[in-house]
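Some notes on the structure that comes next.
The values are calculated or read from the model by the stated rules, or taken from the named source; none is laboratory data. Small disclaimer: the values here were computed from a predicted structure and weren't measured. Please note: Cβ atoms are built from the backbone with ideal geometry, for glycine as well, and neighbour counts cover all protein chains shown. Protein only, heavy atoms only, side chains kept; ligands, DNA and RNA dropped before computing areas. Shrake-Rupley method; radii C 1.70, N 1.55, O 1.52, S 1.80 Å.
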Amino acid sequence: MVRLILRRALLMLSSIILTLGLTILGGFGVESAQAQQPGRAFDHFQTGFPLTGAHRTVDCESCHVSGRFKQTPRQCSACHNGSIAGGKSRGHPRTTSTCSTCHRTSNWSQVRFDHSQVSGTCASCHNGQRARGKSPSHIRTTQSCEACHKSTSSFMTARMDHSGITTGCATCHNGRTARGKPGTHIRTTESCESCHRSTMSFAGARMDHSGITSGCATCHNGRTAKGKSRSHIVTNASCETCHKNTVSFSGGRMDHTGITANCASCHNGRTARGKSSNHIRTTASCETCHRSTNTFSGGRMDHTGITSGCATCHNGNTAKGKPNNHIRTTASCETCHRSTRSFGGARMDHTGITSGCASCHNGQTARGKPNNHIRTAAACEVCHRSTNTFSGGRMDHTGITSGCATCHDGNTAKGKPNGHIRTTASCETC
């Protein structure tokens with residue numbers, strides 16, 4: 001504060017001396033001198049050109065040459081021209097802007113450069129001498145600064161224009177000059193461009209698996225590259241044991257060699273295909289019936305111990321049921337079918353059946369009349385009394401009085417014996 005008062009006092013004293021001097025020399029036409037009244041400090045702010053920064057310590061006569069107050073230049077370049085005051089140095093950037101655009105009165109060297117009026121290229125100043133240039137780690141390029149650097153506020157956010165670059169990525173992407181391989185990158189000596197096709201993003205690179213037939217798990221471990229899913233079959237076999245395709249994980253074919261038990265640990269409907277909805281209901285292990293590891297077809301049901309309930313499976317949906325020509329019956333399968341190996345050989349239980357034989361014995365559903373059967377419209381049971389054999393059927397001749405030879409001809413029924421009297425008379429004559 002004391003220094004300020006002393007400075008103002010000196011300014012006032014200088015003004016008084018200057019005014020007296022001008023008066024003596026007859027310089028009464030200087031109007032500005034009238035504004036300087038004895039005993040009062042002059043406020044330069046009133047002139048519209050406040051003295052700030054380094055200008056506050058400059059001698060008055062440095063600007064007011066020969067005591068001239070009127071039309072004193074206000075533009076920096078009028079004084080800072082290299083004659084009155086220091087002007088642009090030889091290394092000054094080429095610009096049409098005024099000094100005050102960049103320079104402040106507080107300190108000539110503290111400059112905030114306004115790039116809006118710059119003429120010429122960035123490198124004309126940013127050459128490491130006039131202004132900051134390329135750092136030692138800058139990408140090697142002959143491109144102009146502005147090809148990548150779009151901001152004049154910061155060197156950051158520059159985006160490299162990769163147009164036309166198809167090889168040599170690692171010369172920059174080495175982890176020093178530009179971003180290189182991360183710690184989780186697949187171990188390889190291949191060039192970047194072998195897999196990375198885009199210059200916009202590292203993502204989307206497609207690994208070229210050509211010639212790779214083993215060692216998949218060195219990358220496909222869940223960290224470097226996609227590994228086994230949670231639902232993957234529990235195994236310590238190498239990937240390539242089942243996965244033969246390097247384009248897709250799909251289509252891997254499980255090698256079941258040596259596997260003879262515990263199929264359900266994988267074939268549970270989640271890890272691998274399990275029982276279908278129409279599978280026979282059973283708690284038996286898969287391998288009880290399925291002997292092949294190549295196909296589910298051909299599984300042979302082990303019927304050991306099964307003596308009833310056949311129709312729960314043999315219903316035409318789950319397993320083979322009655323064919324269309326099966327004898328119509330509500331009896332259970334096991335009533336007639338005694339074998340669990342074959343439907344053949346079933347023996348009909350005729351217990352209680354005394355009529356209606358022809359409903360089955362019609363030559364389609366069951367054995368019917370042979371070609372040499374006696375011609376008759378009578379029901380089977382009229383003559384056949386046994387349900388165990390067709391033999392022993394006894395013809396009921398009631399009401400038959402003629403035409404005996406139509407049956408008793410030696411083919412259909414017993415005919416004349418060799419010792420019979422030779423005669424053409426009908427049987428019934430005698």
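Just name the residue that is surrounded by the most Cβ atoms within 10 Å (Cβ to Cβ) out of those in the range 187-196 that are touching a helix residue (DSSP H, G or I) at 6+ places or on another chain (Cβ under 9 Å) and part of a loop (DSSP other than H, G, I, E, B).
If we filter the range 187-196 for residues that are touching a helix residue (DSSP H, G or I) at 6+ places or on another chain (Cβ under 9 Å), which is where we start, we get 187-188, 191-193, 196.
Going one step further and asking which of them are part of a loop (DSSP other than H, G, I, E, B), we end up with 187-188, 191, 196.
Values: 187: 8, 188: 13, 191: 12, 196: 16.
Out of the qualifying residues, it is 196.
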Restricting to the range 365-376, give me the number of residues that are modelled with pLDDT of 85 or more and open to solvent by 80 Å² or more (accessible area, probe 1.4 Å). 3
Name the pairs whose Cβ atoms lie under 7 Å apart, with the first residue in the range 82-97 and farther than 21 Å from residue 63 by Cα, the second among the basic types (Lys, Arg) and open to solvent by 100 Å² or more (accessible area, probe 1.4 Å), and 6 or more positions between them or separate chains? 91/130; 93/130
Taking the stated definitions as given, is residue 130 in contact with a strand residue (DSSP E or B) (Cβ under 9 Å, 6 or more places away or on another chain) and either under 30 Å from residue 79 (Cβ atoms) or among the β-branched types (Val, Ile, Thr) (or both)? no
Residues that are of a type in the set (S, T, N, Q) and part of a helix (DSSP H, G or I), drawn from the range 349-368: 359
Looking at the range 122-140, is at least one residue open to solvent by less than 50 Å² (accessible area, probe 1.4 Å), within 59 Å of the chain's Cα centre (by Cα) and within 24 Å of residue 53 (Cα to Cα)? no
Among the listed residues 353, 400, which satisfies the condition of being open to solvent by 60 Å² or more (accessible area, probe 1.4 Å), aliphatic (A, V, I, L, M) and either in contact with a strand residue (DSSP E or B) (Cβ under 6 Å, 6 or more places away or on another chain) or farther than 30 Å from residue 323 by Cβ (or both)? 400
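The rows are residues; the columns are (1) in contact (Cβ under 8 Å) with a residue 60 or more places away in the chain; (2) closer than 22 Å to residue 265 by Cβ; (3) among the basic types (Lys, Arg).
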{"residue": "284", "(1), (2), (3)": "no, yes, no"}
{"residue": "287", "(1), (2), (3)": "no, yes, no"}
{"residue": "302", "(1), (2), (3)": "no, yes, no"}
{"residue": "307", "(1), (2), (3)": "no, no, no"}
{"residue": "320", "(1), (2), (3)": "no, no, yes"}
{"residue": "324", "(1), (2), (3)": "no, no, no"}
{"residue": "330", "(1), (2), (3)": "no, no, no"}
{"residue": "342", "(1), (2), (3)": "no, no, no"}
{"residue": "346", "(1), (2), (3)": "no, no, no"}
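Checking the structure you have, find out if any residue of the range 400-423 is under 23 Å from residue 355 (Cβ atoms) and basic (Lys, Arg). Reasoning before the result, please.
The initial filter retains those residues of the range 400-423 that are under 23 Å from residue 355 (Cβ atoms), namely 400.
Pick out the ones that are also basic (Lys, Arg) and you get none.
No, every residue in the range 400-423 fails to be under 23 Å from residue 355 (Cβ atoms) and basic (Lys, Arg).
Which residues, taken from the range 82-125, are in a loop (DSSP other than H, G, I, E, B), among the hydrophobic types (A, V, I, L, M, F, W, C) and under 21 Å from residue 154 (Cβ atoms)?
Within the range 82-125, the subset in a loop (DSSP other than H, G, I, E, B) is 82-84, 86-94, 96-98, 104-110, 112-114, 119-121, 125.
In the following step, the residues that additionally are among the hydrophobic types (A, V, I, L, M, F, W, C) were identified as 84, 108, 113, 125.
Within the range 82-125, 113, 125 meet the criteria.
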Can you tell me how many residues in the range 156-194 are within 20 Å of residue 216 (Cα to Cα) and of a type in the set (Val, Ile, Thr)? 4
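Please state which one of 184, 199 is open to solvent by 50 Å² or more (accessible area, probe 1.4 Å), modelled with pLDDT of 85 or more and part of a loop (DSSP other than H, G, I, E, B).
Details: 184 fails: modelled with pLDDT of 85 or more.
Only one candidate passes the filter, namely 199.
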All positions within the range 264-277 that are over 18 Å from residue 241 (Cβ atoms) and among the hydrophobic types (A, V, I, L, M, F, W, C): 264
Filter the range 51-74 down to the residues that are surrounded by 11 or more Cβ atoms within 10 Å (Cβ to Cβ) and not hydrophobic (A, V, I, L, M, F, W, C) and list them by number. 52, 53, 55, 56, 61, 62, 64, 67, 68, 72, 73, 74
How do the pairs read when you match residues in the range 155-171 that are open to solvent by 70 Å² or more (accessible area, probe 1.4 Å) with residues anywhere that are not in a loop (DSSP other than H, G, I, E, B), using Cβ under 6 Å and keeping only pairs 6 or more apart or on different chains? 161/147; 167/193
